[in-house]
């Protein structure tokens, strides 16, 4: 049984229509409530619910998240995921001087990676497809300085500084210093 099917089953057991569940959620969460179309898509398996949506649905149905996940395919997935150092996921080599290690699994809706650049290192030009929606990247420098080229703009960020941008713009990362540099990049939602 899928998570959507289980939500539908519980809703029907409670004697609620989708409209009634929506109204109940609006009464609890106001403008931030999940709407009918989203509830419908989740139940039909056309959309994977995020944890915030699942929490709302559970509150609206008066059940725990554990009860909703029980007996579903998703039950085997924990709400907490730990990836140990030994569980290396994947590495991407842009060039000899630019390497990225993926830090998140396929289960996550976002992509986390650690980018390491040696002096003179540069990543390939990237651009997420705007026709697929809005994509954001967030960069946090762990060591050294990274130059982020976004469109025509260059932004140099140093250790403990961050940068966020629409990754549907063409972009790449450079190390224009004489020191090694490393940063964490989060892309949400992920697109590879």
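Principal axes first, then extents: for the Cα atoms of segment 1-97, list largest minus smallest coordinate on each axis, whole Å, largest first.
Cα spread of segment 1-97 along its principal axes, largest to smallest: 59, 29, 21 Å.
Only Cα pairs under 8 Å and at least 6 apart count here; give the relative contact order of the chain as a rounded whole percent.
Reported as a whole number, the value is 18 percent.
For the pair residue 52 and residue 16, how long in nm is the line joining their label points, each one 7 Å along Cα→Cβ?
Simple spin-label model gives 1.9 nm for this pair.
Testing the spin-label approximation: label points 7 Å from Cα along Cα→Cβ at residue 86 and residue 44. State their distance in nm.
4.6 nm
Which of [x] 57, 39, 35; [y] 45, 37, 34; [z] 67, 37, 27 is the computed Cα extents along the principal axes in Å for the structure on display?
The value computed from this structure is option [z].
When the chain is treated as a GNM, springs tying every alpha-carbon pair under 10 Å, which of 120, 151, 133 comes out with the largest mean-square fluctuation?
Ranking 120, 151, 133 by mean-square fluctuation puts 133 first.
Remind me, relative contact order of segment 3-76 in percent, using alpha carbon pairs under 8 angstrom and six or more residues apart?
Answer for segment 3-76 is 40 percent.
Just to be sure I understand: with springs between alpha-carbon atoms less than 10 Å apart, which residue in 82, 141, 149 has the highest mean-square fluctuation in the Gaussian network model of the chain?
82
All of the numbers you see were taken from the coordinates with simple rules; none came from a lab. In this text the structure is predicted, and so the values were computed from the model without any measurement. Here the Cβ is made from the backbone with ideal geometry for all residues, glycine too, and neighbour counts use every protein chain on show.
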